[in-house]
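Bear in mind these aren't lab numbers, they're just calculated from the coordinates by the rules spelled out. Just so it is clear, the model here is predicted, and its values are computed rather than measured. Every residue, glycine among them, receives a Cβ derived from its backbone with ideal geometry; neighbour counts consider all protein chains shown.
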């Protein structure tokens, strides 16, 4: 079933999943979102969101990918609330519950000098000062005061993990176009 006003859309090639719709919020078509980032600027900067149904989509939900034209998105307590031109009331907003939200990477705000979006670091090769490849970034962990790179590498035919704090003391440079991070780190740390 397709909600009235929602039209099928093609997911952009550079789409990044940035959050999930938790539930309807209020009576005027607003909905509450759980952002995947503590700094959900991508939700605020993009006026076009792409939704896909929850993996557990039930009766009354929508199918495939649809595009929402966002009127407004704002912080609210520990989440974000938004409304869209296509969602006129609470009943329509309830139909979005669980939907996965994607935003085109090209619509993200430009980060400040020395700041990076995690999605841009995934897949980068990490090399130390001696030119030894330490692995590829497969994930990042927020460990409170710092972020940690989680690398994947192969040793003796087995896939291993290595963690490196993503702080100035260990990270010499990040070359996004070159898909490389240079670090002061040894393989046996």
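Between residue 34 and residue 184, the C-beta separation translates, for a Förster distance of 41 Å, into a calculated FRET efficiency of about 0.65. In terms of surrounding Cβ atoms within a 10 Å radius of their Cβ, 74, 158, 32 rank from fewest to most as 158, 74, 32. Exposure proxy ranking for 136, 10, 55, based on other Cβ atoms within 10 angstrom of each Cβ and starting from the fewest, stands as 55, 10, 136.
Just how many % of Cα pairs in the stretch 118-183 lie over 19 Å apart, if you round to the nearest whole percent? Cα-Cα pairs of the stretch 118-183 separated by over 19 Å account for 25 percent.
Remark: relative contact order (the stretch 118-183) = 30 percent; criterion is Cα-Cα distance under 8 angstrom and separation of 6 or more residues. Counting only DSSP beta bridges whose two residues both lie in the chain, roughly 90 percent are antiparallel.
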